[in-house]
């Protein structure tokens with residue numbers, strides 16, 4: 001097969017990079033054509049171990065490459081929930097679930113995928129519980145790299161100045177701002193443990209400074225727990241310069257696993273849990289948590305139980321395990337007692353290594369991944385022959401004219417001749433009342449499968465971005481069927497396509513001009529109304545500015561209520577020199593602090609740089625700013641071809657907070673914002 005693998009670069013030492021390296025090189029060895037795409041900049045095209053990697057590829061470009069170069073599937077190895085809905089064409093998602101219950105956002109995003117691959121037994125059960133039928137394929141470990149080595153263990157411990165009778169607890173993990181790895185819980189558990197066992201140490205292979213991943217400043221936490229924070233006391237940590245420069249080789253990470261006596265990662269939840277697996281592959285007994293993959297990846301070590309009291313509610317709308325320091329301490333104590341008994345400890349080490357060997361990369365690839373890829377290849381062939389018109393094609397087109405009925409304003413009516421019987425239908429297939437060609441017009445494929453647009457259609461300039469995206473996506477699927485390609489060619493030969501066609505890529509979104517605003521937007525989208533909460537913030541007879549006022553309806557209403565109101569507009573047909581004046585939001589023609597309240601409804605999302613517009617609104621306001629925006633969660637965002645700020649509601653909230661000291665949010669993404677007061681603390685007092 002021809003595959004794009006979208007994840008982290010294979011040279012990266014993090015979990016996603018490790019799985020990319022090991023899976024992709026085995027796929028290539030099996031004869032698949034695989035290219036890795038990563039959104040993380042690595043400096044051009046990189047060839048590593050025979051793997052071709054493209055850096056900085058955002059989702060749109062990945063889809064474009066998949067479309068132009070005819071890839072069979074895009075396989076993603078990353079969290080699904082932060083991605084946009086319908087992010088990829090022909091999407092196969094490797095799924096990582098690090099909480100107890102699959103949450104609504106993930107369920108919704110997975111609807112866009114063709115297939116899902118669960119990497120843990122827990123994840124598979126959850127996907128099945130909510131109605132999916134996922135493949136199951138665990139990840140693996142390099143058992144040659146991560147292997148017991150007494151010589152390297154002794155060298156590592158000597159370098160750290162750890163005596164043979166020192167019991168060392170180790171942790172390898174990313175220091176997230178949410179403390180997902182529960183590093184603070186481990187530090188607090190170690191407080192009591194170290195008092196009982198002064199011959200113990202805790203070694204942290206992580207970002208102690210907290211400068212990456214929004215991490216916690218662990219030096220301060222270490223100090224607050226009563227330990228020396230400068231890497232000289234019972235709590236020690238990896239060299240921070242080397243860690244942040246990514247200059248620590250994987251062999252040295254393996255030395256960490258080998259050098260400690262017990263590995264403890266009391267994480268709230270792991271999508272898979274590479275560190276647990278790698279530590280045990282080195283023969284190091286491990287403490288895991290009885291959640292997500294914690295039990296699956298524990299081979300004779302120690303498991304922290306998770307009663308209901310330990311489950312906390314997360315922002316994902318799911319439960320995660322938050323084991324307290326006392327529960328961690330209990331397992332550390334059990335490990336310490338076994339460590340003192342050489343026979344018991346040797347058995348723990350052997351069980352750890354033997355269990356990890358079952359996850360050796362070649363074994364899991366041949367047992368799980370290769371059969372899945374073979375099935376995907378078979379299904380690709382089936383899809384090529386037998387499309388499901390009803391479910392996969394017809395019902396997914398939303399229609400091109402979402403603000404007006406195209407039939408009412410059409411002057412050409414060219415698409416009416418595209419009758420149902422003109423569309424290629426396979427014998428015995430579903431014959432719906434409306435052809436796909438009729439649904440997608442004025443976008444049609446040429447003989448080679450390139451998408452064209454018929455410029456004789458009256459409304460071709462006003463196609464929504466959502467509809468264009470849908471046409472690209474579903475025509476890409478349809479044209480992968482050889483029989484349909486043949487029938488399209490026949491239609492061209494019969495003369496059914498006689499419009500004035502140009503490549504779809506040549507059509508750009510129209511500018512925010514007078515014709516568009518007059519004919520479409522003001523009558524449909526801008527339905528903002530003042531609430532009593534807003535009105536009470538305006539002083540009696542106060543001054544109000546409405547930016548992007550349209551026909552001035554709000555300005556006229558404010559004036560009728562006794563307020564001094566004026567509107568700005570870039571549509572010259574509405575400017576009257578009195579209630580409506582010309583004004584570009586990027587550079588409003590008013591002095592600072594000119595108005596008691598400034599209002600702008602459905603304008604900011606039309607700007608290339610909405611922050612400049614937002615800054616202007618606050619500049620001319622002396623007190624309050626009220627805005628209405630259209631985030632990407634609203635279907636209206638993609639129905640308007642002039643929307644430019646592709647921001648979801650969460651990003652709007654974050655950006656807005658930088659400007660205001662008080663934010664009141666109403667429904668329909670309306671915000672009332674109090675202007676920040678910035679006092680000059682360095683004023684010179686003149687007596």
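Across the range 123-161, the number of residues qualifying as crowded, with 19+ Cβ neighbours inside 10 Å and not in a helix (DSSP H, G or I) comes to 9. Flag: residue 342 matches the condition of being at pLDDT below 95 and more than 30 Å from residue 27 (Cβ to Cβ).
Taking residue 89 as the residue in question, decide whether it is assigned by TED's automatic domain parsing to the domain that holds residue 26, without any contact (Cβ under 8 Å) to a residue 40 or more places away in the chain and surrounded by 19 or more Cβ atoms within 10 Å (Cβ to Cβ).
Values: assigned by TED's automatic domain parsing to the domain that holds residue 26: yes; without any contact (Cβ under 8 Å) to a residue 40 or more places away in the chain: no; surrounded by 19 or more Cβ atoms within 10 Å (Cβ to Cβ): yes.
For residue 89, the condition - assigned by TED's automatic domain parsing to the domain that holds residue 26, without any contact (Cβ under 8 Å) to a residue 40 or more places away in the chain and surrounded by 19 or more Cβ atoms within 10 Å (Cβ to Cβ) - is not met.
Return a yes/no flag: does the range 129-150 have any residue that is outside the structural domain of residue 81 (by TED's automatic domain parsing), more than 30 Å from residue 21 (Cβ to Cβ), without any contact (Cβ under 8 Å) to a residue 40 or more places away in the chain and touching a helix residue (DSSP H, G or I) at 6+ places or on another chain (Cβ under 9 Å). No, the range 129-150 has no match at all. Within the option set 120, 212, being surrounded by 22 or more Cβ atoms within 10 Å (Cβ to Cβ) and within 21 Å of the chain's Cα centre (by Cα) holds for one residue only, 120. Looking across 192, 170, 214, one residue alone is in a strand (DSSP E or B) and either in the same structural domain as residue 273 (by TED's automatic domain parsing) or modelled with pLDDT under 95 (or both). It is 170. Taking the criterion of being in a loop (DSSP other than H, G, I, E, B) and either in contact with a strand residue (DSSP E or B) (Cβ under 8 Å, 6 or more places away or on another chain) or within 14 Å of residue 630 (Cβ to Cβ) (or both), the residues of the range 650-670 that qualify are 659, 667, 668, 669.
Restricting the range 568-591 to residues that are within 39 Å of the chain's Cα centre (by Cα) and within 23 Å of residue 675 (Cβ to Cβ) leaves a set whose member that is surrounded by the fewest Cβ atoms within 10 Å (Cβ to Cβ) is 587. For residue 108, work out the one condition from (1) modelled with pLDDT of 80 or more; (2) closer than 22 Å to residue 28 by Cα; (3) outside any loop (DSSP other than H, G, I, E, B) it doesn't fulfil. It is condition (2) that residue 108 fails.
Let's see how each residue does on (1) in the same structural domain as residue 6 (by TED's automatic domain parsing); (2) in contact (Cβ under 8 Å) with a residue 12 or more places away in the chain; (3) assigned to a helix (DSSP H, G or I); (4) farther than 12 Å from residue 5 by Cα:
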residue	(1), (2), (3), (4)
56	yes, yes, no, yes
64	yes, no, yes, yes
79	yes, yes, no, yes
82	yes, no, no, yes
117	yes, yes, no, yes
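With respect to residue 605, determine if the residue is assigned to a helix (DSSP H, G or I) and either farther than 23 Å from residue 637 by Cα or touching a strand residue (DSSP E or B) at 6+ places or on another chain (Cβ under 8 Å) (or both). Judged against the criteria, residue 605 is not a match.
Residue check: is residue 164 assigned by TED's automatic domain parsing to the domain that holds residue 285 and over 36 Å from the mean Cα position of the chain (by Cα)? Before the answer, list the steps.
Values: assigned by TED's automatic domain parsing to the domain that holds residue 285: yes; over 36 Å from the mean Cα position of the chain (by Cα): yes.
Taking the combined requirement at face value, the residue satisfies it.
Could you count how many residues in the range 559-582 are under 19 Å from residue 613 (Cα atoms) and either touching a strand residue (DSSP E or B) at 6+ places or on another chain (Cβ under 8 Å) or free of Cβ contacts under 8 Å to residues at least 24 places away in the same chain (or both)?
The initial filter retains those residues of the range 559-582 that are under 19 Å from residue 613 (Cα atoms), namely 566-571, 580-582.
From what is left, the residues that are either touching a strand residue (DSSP E or B) at 6+ places or on another chain (Cβ under 8 Å) or free of Cβ contacts under 8 Å to residues at least 24 places away in the same chain (or both) are 566-570, 580-582.
Residues in the range 559-582 being under 19 Å from residue 613 (Cα atoms) and either touching a strand residue (DSSP E or B) at 6+ places or on another chain (Cβ under 8 Å) or free of Cβ contacts under 8 Å to residues at least 24 places away in the same chain (or both): 8 in total.
Within the range 503-510, one or more residues are closer than 30 Å to residue 446 by Cβ, at pLDDT 80 or above, under 38 Å from the mean Cα position of the chain (by Cα) and surrounded by 18 or more Cβ atoms within 10 Å (Cβ to Cβ).
With respect to residue 627, is the statement that it is outside the structural domain of residue 460 (by TED's automatic domain parsing), more than 22 Å from residue 665 (Cα to Cα), modelled with pLDDT of 90 or more and surrounded by 18 or more Cβ atoms within 10 Å (Cβ to Cβ) true? Answer is no for this residue.
The values are calculated or read from the model by the stated rules, or taken from the named source; none is laboratory data. Just so we're clear, the structure is a prediction, and the values are computed from it rather than from any experiment. Note: ideal-geometry Cβ built from the backbone for every residue, glycine included; neighbour counts use all protein chains shown.
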